[in-house]
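The values are calculated or read from the model by the stated rules, or taken from the named source; none is laboratory data. Not measured: the values here are computed from a predicted model. Cβ placement follows ideal geometry from the backbone for every residue including glycine, while neighbour counts extend to all protein chains displayed. Accessible surface areas use protein heavy atoms only, side chains included; no ligands, DNA or RNA. Shrake-Rupley method; radii C 1.70, N 1.55, O 1.52, S 1.80 Å.
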Amino acid sequence: MEGVVISSVWRLLGWLPGFLLRRKFSTGWLREHTNIDVRARHDPITIYGGELPHIDICLTLTNNGHFEIELDRLMFELLYGAATPSFPYLQRLLLLPGETKEVYIRGTLTEAQVKHIAKQPKGNSYISFQVKAEFNCKIANFTVDTGQLTGINPRLVNII
């Protein structure tokens, strides 16, 4: 019963104009309630060598807030001994309150980047990634920057 009452209150607050909601819910609050992480199962990051080198990345986006948010754009950077170029994701994606969605990104790598990755020792501790995402919300537009997330173990395919 209590959950129904709370959900009704949030539904009513959703009808208020954004400038009134901005007094209580700042961009910092929106940022704290939006989570971006690498997908935890199977192969969230796979780096392919060979004739057409590329990288596949799977991220999860979670809206832990009370309002709809829309992913406007996202940039992903993998640090594997040295920074690789940023990989953009430019499709808009709506996230309802409490919803989690997956985003798949495919980026092209150069032969020089693949050779650099191949030189890195197995179990390299300098593997990390960073995601910067822009979101739209009726309250305010905001940016989420994950900072450098470490502990990434990408799967390497055809990297000699």
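Brief remarks follow.
- On a per residue basis, the convex hull of the C-alpha atoms belonging to the range 90-152 measures out at 129 Å³.
- Local electrostatic count, Ile36, Cβ distance below 15 Å [Lys/Arg +1, Asp/Glu -1]: -4
- The share of Cα pairs per 5 Å bin across the range 58-100, counted from zero up to the longest distance, runs 6, 20, 22, 19, 14, 10, 7, 2 percent.
- Accessible surface ranking for Lys138, Lys115, 1.4 angstrom probe, highest first: Lys115, Lys138.
- The range 29-160 gives an Rg/Rh value of 1.01, both radii derived from C-alpha positions and Rh following Kirkwood.
- Placing Glu99, Glu68, Glu51 in order of accessible area, with the largest value first and a 1.4 Å probe, yields Glu51, Glu68, Glu99.
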